[in-house]
Amino acid sequence: MGDMWTIKAALDWTVGYLERKGDENPRLSAEWLLSEACDMSRIQLYVSFDRPLSLEERDILRGYVTRRGKGEPLQYITGYAAFRHIQVKVRPGVLIPRPETEVLVSEALSLLPAAHRRVALDSTIDAWEGDALIAAEAAAEAAQDGSGDASETLKRSQQAISAYLDAQQDQGNGDGGDRPDGSAVAKPRPLLVADICTGSGCIACSVAYERPDTRVIATDIAPEAVALAKDNAAELGLSDRVRIERGDLGSPVPAAAMGRLDLVVSNPPYVPTAVLAGIPREVADFEPALALDGGADGNDILRRLLPWTAAALRPGGGFAFELHETCLDAAAELARRAGFHQVRIVDDLAGRPRVLTGVKPV
């Protein structure tokens, strides 16, 4: 590396270094890291070969390349990953979004009813259509009539939320519109979605981004994942429609929503324990085992998830789960035994069985 370290020289050196370190795609990695270090697109790199790097850019690139040479995933180094139509932040300790999970989102979205023609008239209302507002109104009511007992306030709040959801359910079949006098009539109810084991929140945020008529509750047991998913929802401007809660599987979903969900989607831990020994180094060494290990046959979490899903979905609602390619046939049989209809296995982009879908009978 001479004093004039141009983009071309930096690219060539990085490719050679990563080749020697065993990178499976050293040129792609080099382009990615150099783009990040210089804040340029990959196309800009190739039309700027003669541009020298600043000392700061050189230092940043050296740090990136050292980390990549040790096997650290590119997404952890750059701090983000592209996923469908969005970009999400990623951090060590939380699973990196995979291309096959984009297929999961496609299948999940296909299970939802057709998009409503009209959007929410009250777009300033918070997630899940004002449950926080309802709780605040119940608390104010309790204070006004002197019954300020906390348990009674909570009970009123839950009743108000349940009544609200009942009302929305009753309105759910119309398209909305305007009365002859110009006043607005009730809009179609929002679609209720649960994303279980949300990780980075990429699934929850994609569903909300691509279907503005959804309200999503996303859960994860890991505090690192919950914090990251909240950051991603906020960064994408989706915090009003994506609610992130910490807890085991579906336990954080409010009781008032059970039996009313239109969709349950999940990318749970599903790699059979024996298979974990053979996964690539950059996954095994850097990504959390908690988000990967699915037990002896890969379906341990699925066995717990299916009965909860059956209780959480409304009649006609559907689920979409990403699972290991060796587990899908057994998983489909488990889903049928749990009472689901229209059980399907969908291949990923590489032609491997990857996604299980099903529908709760009407």
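Among the residues making up region 313-336, a single one is assigned to a strand (DSSP E or B), of a type in the set (D, E, K, R) and within 16 Å of PRO353 (Cβ to Cβ): GLU322. Would you be able to tell me the number of residues in region 91-116 that are closer than 17 Å to THR214 by Cα and charged (D, E, K, R)? The qualifying residues number 1.
If only residues of region 54-100 that are small (Gly, Ala, Ser), out of contact with any Phe, Trp or Tyr (no Cβ under 8 Å at 6 or more places or on another chain) and not in a strand (DSSP E or B) are counted, the one that is farthest from SER41 (Cα to Cα) is GLY93.
Among the residues making up region 309-361, those that are on the phi > 0 side of the Ramachandran plot and of a type in the set (Gly, Ala, Ser) are GLY316, GLY339, GLY351. Flag set for TRP13, criterion: modelled with pLDDT of 90 or more, open to solvent by 20 Å² or more (accessible area, probe 1.4 Å) and hydrophobic (A, V, I, L, M, F, W, C). Applying the set (1) part of a helix (DSSP H, G or I); (2) open to solvent by less than 10 Å² (accessible area, probe 1.4 Å); (3) more than 30 Å from GLY237 (Cβ to Cβ) to LEU33 leaves exactly one unmet item: (3). Selection within region 337-356: residues that are charged (D, E, K, R) and open to solvent by 100 Å² or more (accessible area, probe 1.4 Å). The member of this set that is farthest from SER110 (Cα to Cα) is ARG337. For the residues ARG189, ARG281, ARG215, the requirement of being open to solvent by 10 Å² or more (accessible area, probe 1.4 Å), at pLDDT 90 or above and either at negative phi or of a type in the set (Val, Ile, Thr) (or both) singles out ARG215. Among residues of region 36-45 being outside any loop (DSSP other than H, G, I, E, B) and closer than 13 Å to ALA10 by Cβ, the one that is most open to solvent (accessible area, probe 1.4 Å) is GLU36. Applying the criterion of being assigned to a strand (DSSP E or B) and out of contact with any helix residue (DSSP H, G or I) (no Cβ under 6 Å at 6 or more places or on another chain) to the residues of region 337-358, the residue that is nearest to VAL271 (Cα to Cα) is ASP347. For region 239-271, the candidate set comprises residues that are over 19 Å from VAL94 (Cα atoms) and free of Cβ contacts under 8 Å to residues at least 60 places away in the same chain; within that set, the residue that is least open to solvent (accessible area, probe 1.4 Å) is VAL253. In the set ALA127, ALA81, ALA115, ALA108, only one residue is open to solvent by less than 40 Å² (accessible area, probe 1.4 Å), over 21 Å from ASN25 (Cα atoms) and at pLDDT 55 or above; that residue is ALA108.
The values are calculated or read from the model by the stated rules, or taken from the named source; none is laboratory data. Predicted model, so just to flag it, every value in this text is computed and none were measured. Don't worry about glycine lacking a Cβ; one is built from the backbone with ideal geometry, like all the others, and counts go over all protein chains shown. Ligands, DNA and RNA are excluded from the accessible area calculation, which covers all protein heavy atoms including side chains. Shrake-Rupley method; radii C 1.70, N 1.55, O 1.52, S 1.80 Å.
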